[in-house]
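First comes the structure, then the notes that go with it.
The values are calculated or read from the model by the stated rules, or taken from the named source; none is laboratory data. Keep in mind the model is a prediction, meaning the values are calculated, not measured. All Cβ positions, glycine included, derive from the backbone under ideal geometry; neighbour counts span all protein chains shown. Protein only, heavy atoms only, side chains kept; ligands, DNA and RNA dropped before computing areas. Shrake-Rupley method; radii C 1.70, N 1.55, O 1.52, S 1.80 Å.
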Amino acid sequence: MKVLVVDTCEEVGTVALCDGELAVAEATLAARGSSSGLVPAIAQLLEKQGWSLVDLDGVGVVSGPGSFTGVRVGLAAAKGLCEVASLPLVAVSRLEVLAAAAGLQDGCAVLNAGRGEVYVRVAATGNERLCGLGEVRAIAAGGLMVVAEDRMLAAFAGEQVALLGIHAAQALPIVLRELSIGAGDAALVDANYVRGERDIYGKSRAVFPGESI
């Protein structure tokens, strides 16, 4: 199965072309350059691999949580490509990608949500939620917390915490699983904000240690 996987949830986006369970070509986008660089990067990877869009069997997009703009850029591009080439589209949670890449059986996957909050996925249950630092420590209950940003190491100093970067190819096992189950209508695929859209703006701004406003 030939699959394109896109992740533009954070400042630096990544793209991967995959053949079966193997990533055969990857690209890293310029920082804050996903909106202008994503589609050209996909075209270059396809050309390098000698594939065309219609050779793909599906597209996977990491749908958040993450940057509001970044999430929308990735979703819009993935939906557009799927509509043009009549490809199935699946969306996967960035928290699930982080937990799966770390091989978490218990503990939590944690992503910075800004404003002094974090996105958390409890490995044992798959539940995802938005909470404060004190809450996530209680949720982890002394178990391992896997994070994807350097700043989170300082936020959880003294806890069992591991740092693991995320890139598009790490979502491949989940994308393949979801495609095998059967993808739905690409037009209905939506972002995973964890928080409600009405809560994305308008809150007071808190910062983590070492984070600038």
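Numbers below:
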| quantity | calculated |
| --- | --- |
| Residues (surrounded by fewer than 21 Cβ atoms within 10 Å (Cβ to Cβ) and among the polar types (S, T, N, Q)) located in segment 54-71 | SER67, THR69 |
| Among (1) open to solvent by less than 50 Å² (accessible area, probe 1.4 Å); (2) farther than 22 Å from GLU11 by Cα, the one test that ASN112 misses | (2) |
| Looking only at segment 171-194, and only at residues there that are part of a loop (DSSP other than H, G, I, E, B) and at pLDDT 90 or above, the one that is surrounded by the fewest Cβ atoms within 10 Å (Cβ to Cβ) | ASP190 |
| Selection within segment 124-169 - open to solvent by 70 Å² or more (accessible area, probe 1.4 Å), out of contact with any Pro (no Cβ under 8 Å at 6 or more places or on another chain) and assigned to a helix (DSSP H, G or I) | GLU135, ARG137, ALA138, ASP150 |
| Test: residue in segment 33-53 that is surrounded by 21 or more Cβ atoms within 10 Å (Cβ to Cβ) and touching a residue at least 60 places away in the same chain (Cβ under 8 Å) | no |
| Any chance GLU197 is surrounded by 13 or more Cβ atoms within 10 Å (Cβ to Cβ) and either at pLDDT below 95 or in contact with a Phe, Trp or Tyr (Cβ under 6 Å, 6 or more places away or on another chain) (or both) | no |
| Residues satisfying the stated conditions in segment 72-92, i.e. surrounded by 22 or more Cβ atoms within 10 Å (Cβ to Cβ) and either over 17 Å from ALA41 (Cα atoms) or touching a Lys or Arg at 6+ places or on another chain (Cβ under 6 Å) (or both) | LEU89, VAL90, ALA91, VAL92 |
| Enumeration of residues in segment 93-109 that are in contact (Cβ under 8 Å) with a residue 24 or more places away in the chain, open to solvent by 10 Å² or more (accessible area, probe 1.4 Å) and outside any helix (DSSP H, G or I) | SER93, LEU104, ASP106, GLY107 |
| The lone exception for VAL73 - which of (1) in contact (Cβ under 8 Å) with a residue 60 or more places away in the chain; (2) in a strand (DSSP E or B); (3) more than 14 Å from LEU172 (Cβ to Cβ) it fails | (2) |
